[in-house]
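What follows is a single structure, written as structure tokens, with notes after it.
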Amino acid sequence: MKIKEWWLSWGKNRVNPEELVDDTKVFKRSKLQTPPLPQIAVVVIDGPDKGREFLLTPMTMKIGRQMENHIQLNDPQVSREHAILQYHPKKKAFLLKDLGSTNGTYCNNRRIEATFISPGDEVKVGGSVLKVIALHQERPQS
């Protein structure tokens, strides 16, 4: 088929705007009911940064001495990139992973490679201890 023939056939198949019928369909949008994100923070309870608080956001957060880390600690026993907290949306929980640090990562006095953390847990990195706390707890309905 030559381009000229194709162009002519295409032009013949055009629809006149006056012949269009209004077939508009309306779809109802429903708001997705997403469960609330966890409101968790870590508080340094022992070490050079004692008293500092860090809010955990639903993303991967690095812990270490470097300025680029989300949780930067000024503890010489903490590696530059010591550990990470990975958020898992299906479980609505954070997975604490050691990044091969020299002094290790501990959760509730147990050395770990990876474990899920929850409010009340104590995480030890280097010479610093961080306590996991819930910022607000849902009240049971009476």
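Worth a mention:
- Distances between placed amide hydrogens fall under 5 Å for Ile40 paired with Leu56, Leu135, all partners being 5 or more residues away or on another chain.
- Charge dipole of the stretch 51-142 about the Cα centre (unit charges at C-beta), most positive-ward option of Gln77, Tyr87, Asn108: Tyr87
- Computed from backbone phi with θ = phi - 60° and the Karplus coefficients 6.51, -1.76 and 1.60, the 3J(HN,Hα) list for the stretch 121-136 is 6, 10, 10, 10, 10, x, x, 9, 10, 10, 9, 8, 10, 8, 7, 8 Hz; x is used for glycine and proline.
- Whole-Å distance, taken between Cα centres, linking the stretch 81-142 and the stretch 38-59: 10 Å
- Estimated vicinal HN-Hα couplings, Hz - the stretch 100-108 in sequence order (Karplus 6.51, -1.76, 1.60; Gly, Pro = x): x, 5, 5, 8, x, 10, 10, 10, 6
- Checking the cross-link pairs Lys50/Lys97; Lys50/Lys131; Lys92/Lys124 against a 20 Å limit on the alpha carbon distance flags Lys50/Lys97; Lys92/Lys124 as lying beyond it.
- Gln77 long-range amide H proximity, modeled H, under 5 Å: Gly127
- At the residue level, His136 shows approximately 110 square angstrom of accessible surface with a 1.4 angstrom probe and all protein chains present.
- Heavy-atom accessible area for Lys92, with the other protein chains in place and a 1.4 Å probe, reaches approximately 90 Å².
- With all projection directions averaged, the alpha carbon convex hull of the stretch 35-142 covers 7.1 nm².
- Per-residue SASA entry for Arg111, accessible area with 1.4 Å probe, Å² rounded to 10: 130 Å²
The values are calculated or read from the model by the stated rules, or taken from the named source; none is laboratory data. The structure presented is a predicted model; accordingly, all values stated were derived computationally and were not measured. As a convention, Cβ positions derive from the backbone with ideal geometry for all residues, glycine included, and neighbour counts pool all protein chains shown. When the accessible area is computed, the model is the full protein with side chains, heavy atoms only, and any ligands, DNA or RNA have been set aside. Shrake-Rupley method; radii C 1.70, N 1.55, O 1.52, S 1.80 Å.
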